[in-house]
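Take a look at the structure below.
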Amino acid sequence: MARRSKVVADFDAAVAGIEDGSTIAFGGFALPGSPFNLTAALLRQGAKRLVCVGNTTGGPRKPRNPDIGMLVENGQVAKVICSFTAAPRASDVLPFTPYYERGEVDAETVPQGTLAERLRAAGAGVPAFYTPAGVGTELAEARETRVINGREYLLEYALPCDVALLRCYQADEAGNLRFRRAQRNFGPIMAMASKLVIVEVEEPILPAGAIDPDDVHTPGILVHRLVHIPPAPAAIWPTLKETR
């Protein structure tokens, strides 16, 4: 029996069927690994009441690339779960911030390592774990802690997601992924944690098995949809020349 192709025609086809109320993980750490084209397609698709999981909601960089903040502006987001809900510089204001301050969207701040481990735990079938991160801070107020070997730890729960939107350097038709350098960041663990994994791929998609197994960062069994990123201006290819 022929294997059903995971390659879809375009970004809109890739995000088709994402439902209202979905929890969506967005790969990326600043520019590397951020699924700008899939995020733009989700803006067009219009799913509502989303819970968005990512490192940040997007930055103040100009011109802007599609990010969680744009989904918030478009009225599609109920809550964000991320490590940074405010800009690292007091002079910068994230587009997300005024919506949160007006109570139009909820936010959950999670330490960066804890966010990664909550995703990894979801993919590994671990329902919860204890971590020292956040103990003694506002993040631990009214939450369960436990002393282990004389040190206090905070209980954190796994973070399963309905969908992951990722960007990678190479993929084959079977869905095996290879990330390039810092692009790897949250991608592999978000793929583990999610029921539906959708990936925009920079290089032309290769025949199944063309990537050496030692170079596969995420196995194809975790990946469901692939779309090749066409050259600019038909698709978004961010550069480091963007300014604040």
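The figures follow:
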item	result
Value of [θ]222 nm, deg cm²/dmol, for the chain, DSSP H segments ≥ 4, -39500 (n - 2.57) each, nearest 500	-5000 deg cm²/dmol
Anisotropy class of the chain from Cα gyration tensor, a/c 1.5 cut	oblate
Antiparallel content of DSSP bridges confined to the range 139-244, in %, to 5	35
Cα gyration tensor, the range 67-173 - rounded (a/c under 1.5), prolate or oblate	oblate
Lys pairs under 28 Å by Cα in the chain, provided they are eight or more residues apart or on distinct chains	8
Between 0 and 90°, nearest 10: helix 112-124 axis offset from the chain longest Cα axis	60
Surface per residue (accessible, 1.4 Å probe) for the range 1-148, Å²	50
Counting DSSP beta bridges with both ends in the chain, the antiparallel % (nearest 5)	30
Dipole magnitude (debye, nearest 20) for the chain, charges at Cβ of Lys, Arg, Asp, Glu	240
Gaussian network model of the chain, Cα within-10 Å springs - most flexible of L154, L38, L50	L154
Long-range amide H partners of A174 with built H, under 5 Å	A208, G209
Normalised contact order of the chain, rounded percent, pairs of Cα under 8 Å and 6 or more residues apart	23
DSSP-loop trypsin sites (Lys or Arg not before Pro) across the range 71-126, with at most 10 other Cβ within 10 angstrom	R89, R102
Share of carbon and sulfur in the accessible heavy-atom surface of the chain [1.4 Å probe, %]	52
In degrees, nearest ten, helix 36-45 long axis to first principal axis of the chain (Cα)	90
Note, ³J(HN,Hα) from phi for the range 138-144, Karplus 6.51, -1.76, 1.60, rounded to Hz, x at Gly and Pro	4, 5, 9, 4, 6, 10, 6
Cβ charges +1 (Lys, Arg) and -1 (Asp, Glu), total dipole of the range 80-124, debye	160
Unit charges on C-beta of K, R, D, E only; dipole of the range 30-73, Debye	100
Rounded if a/c under 1.5, otherwise prolate or oblate - the range 1-109, Cα gyration tensor axes	prolate
Contact order relative to length of the range 1-105, as percent, for alpha carbon pairs under 8 angstrom and 6 or more apart	24
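The values are calculated or read from the model by the stated rules, or taken from the named source; none is laboratory data. Keep in mind the model is a prediction, meaning the values are calculated, not measured. Cβ atoms come from the backbone with ideal geometry, glycine included; neighbour counts cover every protein chain shown. Ligands, DNA and RNA are excluded from the accessible area calculation, which covers all protein heavy atoms including side chains. Shrake-Rupley method; radii C 1.70, N 1.55, O 1.52, S 1.80 Å.
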